[in-house]
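The numbers here are math on the coordinates, done by the rules we state, and not lab data. Since the structure is predicted, the reported quantities are computational estimates derived from the model, not experimental observations. Reconstructed Cβ throughout: ideal geometry from the backbone, glycine too, with neighbour counts over all protein chains shown.
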Amino acid sequence: MLAAADAGGSAAGGDDAAAEEDAANLKFGRDVHAGTEVLFNGEIAFLLNKRKSGVSNEQCEVFEKTLAYAGRFSKFRSRQNMAQARQVLQEVRDTDGNPLHTYEIAALCNLCPNDAAEAVTLVPTLHRVDAEALQRALNNLNSYTSLEHGGGGGGGGG
């Protein structure tokens, strides 16, 4: 996911960085702050495709590998389905009425779990969301991927 904090970090102040960042509690370092939208693989692939013509030769190899990775692991092929998937998840509220964090939305769009229990196992912060509401959202989310991938053939463009 774009906007994810650099896992490398520096040796100096490593404990401070670890204290700041804890995805299990939706605490991220300076790289992900309020108003930052974490992108999922399909959105990254879409944006990279738009920038393809402006890449220099020195950047070309890394750019192409990044684009190939994002495209390969994207669950969505059409921009419309990506937008609808994000919209569905932006409407989900936890038991206190708070929306999902943009990290949770990106994780769900990248992973596309089949059911709420699987989603909570993969993204533990989702425990605060009602299981039935989460399941409804996942059913909608997965309908956007199944329309594109059609039962496992997976060769269609778009």
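Numerical summary
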{"item": "Partners for K75 among lysines (Cα-Cα distance below 22 Å; same-chain residues under 8 apart left out)", "result": "K50, K52, K65"}
{"item": "Segment E61-E91, extension gain: residue separation times 0.36 nm, minus the distance between their alpha carbons", "result": "7.0 nm"}
{"item": "Protection proxy ranking, peptides 20-27, 83-90, 64-71, average beta carbon neighbours within 10 Å, highest first", "result": "83-90, 64-71, 20-27"}
{"item": "T36-D130 pseudo-label distance in nm [points 7 Å out on the Cα-to-Cβ vector]", "result": "3.2 nm"}
{"item": "Cα→Cβ-extended label distance, 7 Å offset, between L111 and A83, nm", "result": "2.8 nm"}
